[in-house]
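Have a look at the structure below before the remarks.
The values are calculated or read from the model by the stated rules, or taken from the named source; none is laboratory data. Here the structure is a predicted model, which is why all the values come from computation and not from measurement. Neighbour counts are summed over all protein chains in view; Cβ atoms, including those assigned to glycine, are modelled from backbone coordinates with ideal geometry. Accessible surface areas use protein heavy atoms only, side chains included; no ligands, DNA or RNA. Shrake-Rupley method; radii C 1.70, N 1.55, O 1.52, S 1.80 Å.
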Amino acid sequence: IFCQRLHHGVPPDQIDGVWERLHEDSFLEDSSIVVSSKIRPSQSLLVVTPNGQQRCAGNYVLTDAVAHGLPVWQHQSGKSYVYCGTNGSWIIGGSDAKELGFNCSKGVIYSKCAAGGVMPDKIGGLWLRLSDSKFVEDSDLVVTIKPQRLYVQTPYGQHRCAGEYVPLSDRTANGYPIWEHTAGSRCWLYSGNNGMWIIGGNDAAAKNFACTRGVIYCQRVHDGRTPEKMVGNWMRLDGEKFREDAAIVVSTDPPSLHVLCPRGQQKCGGEYMLLSDRFRHQPVWKQRGGHLRMCTGSTGAWEVITGTPKESSEEQPLLRCQQAHGGQMPDKMLIWSRKDEEEMIE
């Protein structure tokens, strides 16, 4: 792994620019590589444990506590904690661990690998779960960051279900996260008690999602996979029966973006549609009726460029976000610059 820029004495954690990593026989830019002097834990974690210890499932929020030099997260119920124990592993324990100041290894779930400074959502290997009187490996047990926003496309029916969904921070359904439609259409994407992802309405919410009610559902049991990672088609209610609909898409990428640029580079304005191809492992949008693209630049920031993006291109973008996105979508970024003659101005 190496940084693209000469450091001129600047420490690695302060250098600007994207790092590259060796992939097979060539180096690839990777904007997700971070060199830091500080541990940057996720503000929230999601624990999924469908096979047992379900009381530990749900959202955990970062606290001010520290255990053995590493952060501690508390379950939204206040009864469980994710912490690093004296055995060096990440552990999910209860109030008995807290009473000991987390100077212990008490818990019902722990990581098979030692933490080694790696956060729980990044740790490799399996987790072990207490079952009866012994710990067993559980490949379905997942500790991850809080779910991302999702975008649902359903062009041939149940149009009220289409749009943006945000994860609820204070509720789960059958041990898994719930996403709510942002447009107030009273739609939720949830895990039914049959283990399938479902888009349902008020009738499902009235049952606290302890049901299988809905108008769209994935054909396969998810086994802990989030909706955007499901393989196979979704089913849609059409009249009195469900029909398979290959056009339904659930994704973390917005299907379209709108650009307003009134003070210059007006040609960049308009709607941009999501393409199927990716560039630098990130989505690409194409201007409707035009030839411009929105993609990730060499600095890890979103850019609007002319034509198809290329790794070797040195052409200055027409628009550029001033910050590297770190996985945030373009519509969530705040400050942009536009090309004015040969300079980029805010």
Based on this model, can you work out whether D223 counts as assigned to a helix (DSSP H, G or I), among the charged types (D, E, K, R) and open to solvent by 10 Å² or more (accessible area, probe 1.4 Å)? no
When D253 is run through (1) out of contact with any Pro (no Cβ under 7 Å at 6 or more places or on another chain); (2) open to solvent by less than 20 Å² (accessible area, probe 1.4 Å), the failure sits at (1)
Is it true that some residue in the stretch 197-218 is out of contact with any helix residue (DSSP H, G or I) (no Cβ under 8 Å at 6 or more places or on another chain) and in contact (Cβ under 8 Å) with a residue 40 or more places away in the chain? no
Let me confirm something: among P155, P177, which residue is open to solvent by 60 Å² or more (accessible area, probe 1.4 Å), within 21 Å of D253 (Cα to Cα), touching a residue at least 24 places away in the same chain (Cβ under 8 Å) and not hydroxyl-bearing (S, T, Y)? P155
Does any residue of the stretch 315-337 turn out to be under 28 Å from H181 (Cα atoms), basic (K, R) and either without any contact (Cβ under 8 Å) to a residue 24 or more places away in the chain or surrounded by 14 or more Cβ atoms within 10 Å (Cβ to Cβ) (or both)? yes
Output the residue which, of all residues in the stretch 226-237 that are in a loop (DSSP other than H, G, I, E, B) and aliphatic (A, V, I, L, M), is least open to solvent (accessible area, probe 1.4 Å). M230
Residues in the stretch 124-148 that are of a type in the set (S, T, N, Q) and either open to solvent by 50 Å² or more (accessible area, probe 1.4 Å) or part of a loop (DSSP other than H, G, I, E, B) (or both) total 3
For the stretch 19-46, pairs from a residue that is among the β-branched types (V, I, T) to a residue that is at pLDDT 80 or above and in a strand (DSSP E or B), with Cβ under 7 Å and 6 or more apart or across chains, are I33/W19; I33/R21
Of the numbered conditions (1) in a helix (DSSP H, G or I); (2) closer than 30 Å to V304 by Cβ, A183 fails exactly one; give the number of that condition. (1)
Mind listing whichever residues of the stretch 280-297 are crowded, with 17+ Cβ neighbours inside 10 Å and in contact with a Lys or Arg (Cβ under 9 Å, 6 or more places away or on another chain)? V284, W285, K286, Q287, L292, R293, M294, C295, T296, G297
Restricting the search to the stretch 36-64, which residues are hydrophobic (A, V, I, L, M, F, W, C) and open to solvent by less than 40 Å² (accessible area, probe 1.4 Å)? L45, L46, V47, V48, C56, A57
